[in-house]
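Here is the structure we will look at.
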Amino acid sequence: MKIKKTVYRGSDNIFADIGVAHPERVQTRARIMSHIAEIIRKRGLTQKQAADILGIPQSKISCLINGKLSNFSMDHLFELLNSLDADVEIIIKPKTGQEKTATTNVFLGAY
């Protein structure tokens, strides 16, 4: 028996592809959380050491590293970045003429 499979090409945002509300914001949070986890990893910190530096319980570090998005607001993520000696800069500008709608993006520098 031959099974017909349909393959769909996704966008650059998996959260939009699966129908999550406000997918750009969710993707931004996910990227920032991943960046924080990468800083922790590059510094060779244990979850306990990271918890002490960030002032949050070790269980929250586990949630952060495992991408539990619902546990962290953008504001909280910015505070965590600052605790890791990372500057956070927000730029607000008008959308370009080529864009249909305004967007939210995050640009992560090398760390």
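Okay, residues lined up against (1) small (Gly, Ala, Ser); (2) surrounded by 17 or more Cβ atoms within 10 Å (Cβ to Cβ); (3) farther than 23 Å from Val88 by Cα:
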site	(1), (2), (3)
Tyr8	no, no, yes
His22	no, no, no
Arg29	no, yes, no
His35	no, yes, no
Leu45	no, yes, no
Gly67	yes, no, no
Notebook entry, point to check: So how many residues does the stretch 82-111 have that are closer than 30 Å to Ala51 by Cα and outside any helix (DSSP H, G or I)?
Noted result: 16
Next item on the list: Among the residues of the stretch 37-67, write down those that are under 23 Å from Pro23 (Cα atoms) and touching a residue at least 24 places away in the same chain (Cβ under 8 Å).
Entry: Ala37, Glu38, Leu64, Ile65, Gly67
Next item on the list: Considering (1) modelled with pLDDT of 95 or more; (2) within 26 Å of Asn105 (Cα to Cα); (3) of a type in the set (A, V, I, L, M), say which one Ile53 fails and leave the rest.
Entry: (2)
Margin query: Could you go through the stretch 6-29 and let me know if any residue there is under 19 Å from Ser83 (Cβ atoms), among the charged types (D, E, K, R), out of contact with any helix residue (DSSP H, G or I) (no Cβ under 8 Å at 6 or more places or on another chain) and in a helix (DSSP H, G or I).
Written below: no
Check: If only one of Gly44, Gly67 is at pLDDT 95 or above, over 16 Å from Gly109 (Cβ atoms) and assigned to a loop (DSSP other than H, G, I, E, B), which one is it?
Finding: Gly44
Notebook entry, point to check: Name the pairs: first residue in the stretch 68-95 and touching a residue at least 12 places away in the same chain (Cβ under 8 Å), second residue acidic (Asp, Glu) and part of a loop (DSSP other than H, G, I, E, B), Cβ to Cβ under 9 Å, at least 6 apart or on different chains?
Noted result: Leu81/Asp87
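The values are calculated or read from the model by the stated rules, or taken from the named source; none is laboratory data. Computed from a predicted model, the values in this text were never measured in an experiment. Neighbour counts are summed over all protein chains in view; Cβ atoms, including those assigned to glycine, are modelled from backbone coordinates with ideal geometry.
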